[in-house]
């Protein structure tokens, strides 16, 4: 017997009332913010929400304020009907699918300045990106005042930005960050993988392989940041058309340290063909 599709709500006021009604009955609500084009990684987040809560809401909104003029807003995949079918398979209760007009009316002028952790890396390469992310996430958490919001670790810096913003602004929703879901060959699942040709798909494996090279060196006791980063570049250089960064930073603050001692994260952003991909691994250096 097939599962029924989630209830689709477009209006922010109706969405907020639904959440409050459910919570007034003593039920917990989990929310998974997405931009649609759902894959198994997104579905794992919805399952995680259901594990912790009585009801699950998935938001589907391609947020224009986090795209730069040179970004791929127009070609970003929009697959609502397929998304709703997939959400039925994980027993998602509601899909919140607002219009741009509902989220950003003609008089909209209020934006959220992102926390310090947004400044390096993506903050440098995509100016204004995290301002848009923080603004839309705060709006979504006001519209869907859930008990728990589940994010994936593939967008690691984004997850840290959201976590710091929620802490700093005393938002009542708990942020739960779940591990990256990967294809069997190690490629991190991403909606942008659909842009890759067969050759580019093969070359894209260099990102996960470079991260493994870094983590392997750390597990053997290497704690010099520059040498760990060099290990990644050696793998990436032959396969990538360009590399924005391949760095090792503190896992919470995203600050660079010459000697890697605390929990750290290796982060990569690179282009394969015209497609920009990101990936990461959290690790600790083995003590000798």
Of the listed residues (69, 106), the one being within 20 Å of residue 191 (Cα to Cα), outside any helix (DSSP H, G or I), out of contact with any strand residue (DSSP E or B) (no Cβ under 8 Å at 6 or more places or on another chain) and free of Cβ contacts under 8 Å to residues at least 40 places away in the same chain is 69
Sole miss for residue 49 among (1) without any contact (Cβ under 8 Å) to a residue 40 or more places away in the chain; (2) within 28 Å of residue 265 (Cα to Cα) is condition (1)
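Looking at residue 94, is it over 23 Å from residue 164 (Cα atoms), buried (at least 21 other Cβ atoms within 10 Å of the Cβ), in contact with a helix residue (DSSP H, G or I) (Cβ under 9 Å, 6 or more places away or on another chain) and touching a residue at least 60 places away in the same chain (Cβ under 8 Å)? Show your work before the answer.
On the way: over 23 Å from residue 164 (Cα atoms): yes; buried (at least 21 other Cβ atoms within 10 Å of the Cβ): yes; in contact with a helix residue (DSSP H, G or I) (Cβ under 9 Å, 6 or more places away or on another chain): yes; touching a residue at least 60 places away in the same chain (Cβ under 8 Å): yes.
Yes, satisfied.
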Would you check if residue 114 is in a loop (DSSP other than H, G, I, E, B) and under 25 Å from residue 47 (Cβ atoms)? no
Checked segment 256-272 for anything surrounded by fewer than 16 Cβ atoms within 10 Å (Cβ to Cβ) and either on the phi > 0 side of the Ramachandran plot or not in a strand (DSSP E or B) (or both); matches are 256, 257, 258, 261, 262, 263
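Can you tell which of 236, 196 is over 27 Å from residue 45 (Cα atoms) and in contact with a strand residue (DSSP E or B) (Cβ under 7 Å, 6 or more places away or on another chain)? Spell out the reasoning first.
Working: 196 fails: over 27 Å from residue 45 (Cα atoms).
Selected residue: 236, the only one of 236, 196 that is over 27 Å from residue 45 (Cα atoms) and in contact with a strand residue (DSSP E or B) (Cβ under 7 Å, 6 or more places away or on another chain).
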Listed by first then second residue, the pairs whose first member lies in segment 171-184 and is farther than 25 Å from residue 138 by Cβ, whose partner is part of a strand (DSSP E or B), with beta carbons under 7 Å and at least 6 positions apart or on separate chains, are 182/188
Over segment 6-33, the set of residues surrounded by 16 or more Cβ atoms within 10 Å (Cβ to Cβ), touching a residue at least 40 places away in the same chain (Cβ under 8 Å) and either touching a helix residue (DSSP H, G or I) at 6+ places or on another chain (Cβ under 6 Å) or assigned to a helix (DSSP H, G or I) (or both) is 6, 9, 12, 15, 16, 18, 19, 23, 29, 30, 32, 33
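Scan 205, 228 and give me the residue that is over 13 Å from residue 266 (Cα atoms) and without any contact (Cβ under 8 Å) to a residue 40 or more places away in the chain.
On the way: 228 fails: over 13 Å from residue 266 (Cα atoms).
Unique residue meeting the criteria: 205.
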Counting only helices (runs of 4 or more DSSP H) entirely within segment 119-218, those with at least 1 residues that are surrounded by fewer than 22 Cβ atoms within 10 Å (Cβ to Cβ) and not assigned by TED's automatic domain parsing to the domain that holds residue 263 are 122-125, 129-143, 156-168
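The values are calculated or read from the model by the stated rules, or taken from the named source; none is laboratory data. Bear in mind that the values here come from a model prediction, so they are computed numbers and not experimental data. Positions of Cβ are generated from backbone atoms using ideal geometry, with glycine treated the same way; all protein chains shown enter the neighbour counts.
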